[in-house]
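Take a look at the structure set out below.
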Amino acid sequence: MRDNEAEAIELVASLVPRHGVIAEIGSLLGRSSWIWAKSADPSVTVHCFDPWEQSGAGGNFGKLAHEHGQRFNNAQFLANTADCENIRAHQGYSPNDFLDWTVPVDLFFEDAVHADPVLSRNLEFWSSHLKPDGIACGHDYISRFPDVCRGANQLARRLGRSLRLIGSFWLLLPDVVERSEDWRVRAALGQLTALQGAPTSASHPNESSAPAAPGPGQIGDKVAAKRIIAGVPSFAYDIIFYPPGLPATLVHGEPLTIRGQLRNSSRAVWRVTLGAEMVLEFGCELWDSGGHKIAVDRAIVDGNEIVPGQILRFDLQLSTARAGLGPARFMIDLLYRHIAWFGAVGGKPVEATINIVSAQYVHAIDPAIPVADPTFFKQHIPENSPTTTLRLGVTEQQSYVVTAGGADIPVRSMLTSYELAMLYASARYHVNGQGKIVDLGPSTGVGTHIFAQGVRDNPAVASKAQTIYSYDLFLLENMRHFLEEADDNKTESTFWRFQQINQDYTNEIVPVPGDFLKMSWTGEPIEVLFVDLAKTWDLNTHVVTNFFPFLIPGHSLLIQQDYVHVGEPWIALTMEYLDEYFEFLYFIYGASAVYRLKAAIPKRVLETDLRTLPLAEVDRLFERARAKAPAAVAEVLKTCQATIHVERDELEGARRLLQSVRLDIPRLPHPADDFVTAIRPNLAAATRWFERKDKLAPKI
């Protein structure tokens, strides 16, 4: 590893959030592992994956190891990283030996096998565990390893990110980092940019740092690259957008998604790579009326050359978060990075004016909006509605600040701000004193806190005492990777945190800690039933048989928080089986589906064991559910259906379902409605379960 690459790792490690998770694939002797561990915040855990075997460690590596008295085994790695308390070593071959890995990662660094198919499987597997704002990076982006170049380029396109190269260290930073206003992040980005143009100091000989796709004639200087461009007779192209055209207006804060295809309409061949970092990219930008750049996106073009008539597809996105209201100028074009836009050498970029407008729902709160209208809850999304009476600070999605006991407390929640807005609106406007709110699975109690705010603000509820019943084990268990270090008081319980967050609402809230399967309901009517603990068939059955009977026909709301999630396929199956008794209202991103009870459900129907349904009936119910769902939700439901096939050992049906999942679903304008980003992680999880079962299945 070169000195500038090691320095880049130091800088990138500093971008990993506190209590984050780094996964390093291919740790070998532990040099980069040590840098990750020492450069990141001490609360960050660095998981190192390597077989630590002699095979494959010959050549230059073997020579260097011998010169420094190093052996290729786990003991040597542990000795080299002995002063890194935050390193965890995992011996085995990635990804096959780690298919049961479930922890989301903030950064993965790929430096293991540099050839397909193993490389592609590693990139697919670890990117499926990458958090939406996580960092992807790797090593050896050089002509000697064409699969690394190809894989990094393809991952950049799939994630919609620009590829940074420092020597042979490749880096894909999320938009939230690239456009951060934090001075520390900006400083790190500035140093990374400087390293991209700095001369390298190699610690290993015989490495070429040319990052191009394979092929002769790599050119490493801008003068030669510009000479090649000057020899191209035409850079003409045609663009088609999907859907046709560009929007005339866009609501402030909502992303501008640009999809379509570009055709080389010239008679010239365009090279994709002209030299180190001088690669062909799609580029789009948004400028305000004062000439200030608002947003930028780039996507690297795959392949070695673009021939006449060849079609390239693009999928880009621009943020309007920094835009003012009024006209903004949009532009899309091709460019050679660091060299020239096609528009500057005879091409014709597409330009348009888009008017940035304020979202209507932030203007004023309307308490008369009916619950069936999504504006019922959208008008209280805190980051979009300055007039909401919901009291919640949003630092980032699923990271919040609540006020309790006169102090501001940073908290984490699995619920999105959109889902929390629904909890508030239902307690503030829908509950009228007929019954109780039942909160199943509150964990640290952020959702409970929001429910209690709504009840306190609701004049229709005369007696607010013991309005909300919250059931949970209140155990840290599998939440450790998600919650903050401050949530762990070393007792393995989250109940203390629940009490702290909700200390101002002890009159409204009745905590019910313990084993849910051994608990029952009081028998009182339930106005709002929020379900976030139906994590198994048995838990789901207990909810249905013990709580559904007390919902009020024509009034009660049911919020199924795990409906759009592959881990709980029985929820979608249950709701479709009970379809005639519920009115579906809407889906809310992260994973919620909201219903209103239409009619009382007969006891015999509630007691049906859905685990015994014939698989053909399961398929029929899922197909009916998919037909009614928005496109992205329907794709997630395929993964849920496939999971039940896997559970029943019907692997061929599961394979067909998983292979049919589409990733090219158009984004929806409002983020509370848009589940496109949920498709890939749910597909990845279902695929892992399928592959694990398929591996164990007898082969005939």
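Only one of (1) hydrophobic (A, V, I, L, M, F, W, C); (2) assigned to a strand (DSSP E or B); (3) within 19 Å of L173 (Cα to Cα) fails for A321. Which number is that?
Tallying (1) hydrophobic (A, V, I, L, M, F, W, C); (2) assigned to a strand (DSSP E or B); (3) within 19 Å of L173 (Cα to Cα), A321 fails exactly one: (2).
Go through the residues of the range 253-260 one by one and say whether even a single one is over 23 Å from L318 (Cβ atoms), open to solvent by less than 20 Å² (accessible area, probe 1.4 Å) and out of contact with any helix residue (DSSP H, G or I) (no Cβ under 8 Å at 6 or more places or on another chain).
Scanning the range 253-260 turns up no residue that is over 23 Å from L318 (Cβ atoms), open to solvent by less than 20 Å² (accessible area, probe 1.4 Å) and out of contact with any helix residue (DSSP H, G or I) (no Cβ under 8 Å at 6 or more places or on another chain).
Take R624 and tell me if it is surrounded by fewer than 20 Cβ atoms within 10 Å (Cβ to Cβ), in contact (Cβ under 8 Å) with a residue 40 or more places away in the chain and over 30 Å from S385 (Cβ atoms).
Yes; evaluated as a whole, the condition is true for this residue.
Which one of L274, L280 is closer than 27 Å to D140 by Cα, free of Cβ contacts under 8 Å to residues at least 60 places away in the same chain and either open to solvent by less than 50 Å² (accessible area, probe 1.4 Å) or touching a Pro at 6+ places or on another chain (Cβ under 7 Å) (or both)?
Step by step, each of L274, L280 is checked, and only L280 is closer than 27 Å to D140 by Cα, free of Cβ contacts under 8 Å to residues at least 60 places away in the same chain and either open to solvent by less than 50 Å² (accessible area, probe 1.4 Å) or touching a Pro at 6+ places or on another chain (Cβ under 7 Å) (or both).
Please verify whether V661 is at pLDDT 95 or above, open to solvent by less than 50 Å² (accessible area, probe 1.4 Å) and under 26 Å from T416 (Cβ atoms), treating the condition exactly as stated.
Judged against the criteria, V661 is not a match.
Of all residues in the range 141-156, how many are of a type outside the set (A, V, I, L, M, F, W, C) and buried (at least 22 other Cβ atoms within 10 Å of the Cβ)?
Count: 3.
Quick check: is even one residue across the range 118-128 closer than 20 Å to L663 by Cα, assigned to a strand (DSSP E or B) and open to solvent by less than 10 Å² (accessible area, probe 1.4 Å)?
Among the residues of the range 118-128, not one is closer than 20 Å to L663 by Cα, assigned to a strand (DSSP E or B) and open to solvent by less than 10 Å² (accessible area, probe 1.4 Å), which makes the answer no.
Do we have D106 as of a type outside the set (V, I, T), more than 17 Å from D147 (Cβ to Cβ) and surrounded by 16 or more Cβ atoms within 10 Å (Cβ to Cβ) here?
Yes; evaluated as a whole, the condition is true for this residue.
Any residue at all in the range 182-193 that's in contact with a Ser or Thr (Cβ under 6 Å, 6 or more places away or on another chain) and surrounded by fewer than 23 Cβ atoms within 10 Å (Cβ to Cβ)?
yes
Limited to the range 83-117, what total is found for residues that are of a type in the set (F, W, Y) and either within 16 Å of S32 (Cβ to Cβ) or assigned to a helix (DSSP H, G or I) (or both)?
So the count comes out to 3.
Picking from A678, A684, which residue would you name as being outside any loop (DSSP other than H, G, I, E, B), closer than 22 Å to R157 by Cα and modelled with pLDDT under 90?
When all the criteria are applied, what remains is A684.
Check off (1) farther than 30 Å from N384 by Cα; (2) part of a helix (DSSP H, G or I) for E635 and give me the number that stays unchecked.
Failed condition: (1).
The values are calculated or read from the model by the stated rules, or taken from the named source; none is laboratory data. The structure displayed is predicted, hence computed values, not measured ones. Cβ atoms come from the backbone with ideal geometry, glycine included; neighbour counts cover every protein chain shown. For accessibility, only protein heavy atoms count, side chains too; no ligands or nucleic acids. Shrake-Rupley method; radii C 1.70, N 1.55, O 1.52, S 1.80 Å.
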